[in-house]
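The structure under discussion appears below in the form of structure tokens.
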Amino acid sequence: MVSLFPHEGLTGVVMDRHLSVKAAAEHLGYSEQYLRRLLRAGRLEGVKIGQVWLIKLAALEQHLQQGQTAQDRRFGPQRTMAESREGKAETSRA
């Protein structure tokens, strides 16, 4: 499977299999609250350690794929990974 969410070099990646909610929200444009709601409802697979949720990367990739094929455009994140990277590159140049 081709990865929609390249995680090399991202902060918040744990053992190449999980991503913190904060890191996922920053990189994808979802709110942390929305991601936690998906996790609690079982619509996104992850693990909870204490009060911290970790999202399975494979589950996040599957969620993003569903968003790309959904007819309802409200499904996906506010920005794509490419847009996120461009914004960070512009900020670091300034």
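Structure summary
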quantity	calculated
Pair list, Cβ < 7 Å and 6+ apart or interchain, from segment 9-30 residues that are assigned to a helix (DSSP H, G or I) to residues that are surrounded by fewer than 16 Cβ atoms within 10 Å (Cβ to Cβ) and modelled with pLDDT of 65 or more	21/32; 22/32; 25/31; 25/32
Within segment 40-66, tally of residues that are among the small types (Gly, Ala, Ser), more than 14 Å from residue 22 (Cβ to Cβ) and either surrounded by 13 or more Cβ atoms within 10 Å (Cβ to Cβ) or at pLDDT below 90 (or both)	2
Filter result (part of a loop (DSSP other than H, G, I, E, B) and of a type outside the set (D, E, K, R)) within segment 31-76	31, 42, 44, 50, 51, 70, 71, 76
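The values are calculated or read from the model by the stated rules, or taken from the named source; none is laboratory data. Predicted model, so just to flag it, every value in this text is computed and none were measured. Every residue, glycine among them, receives a Cβ derived from its backbone with ideal geometry; neighbour counts consider all protein chains shown.
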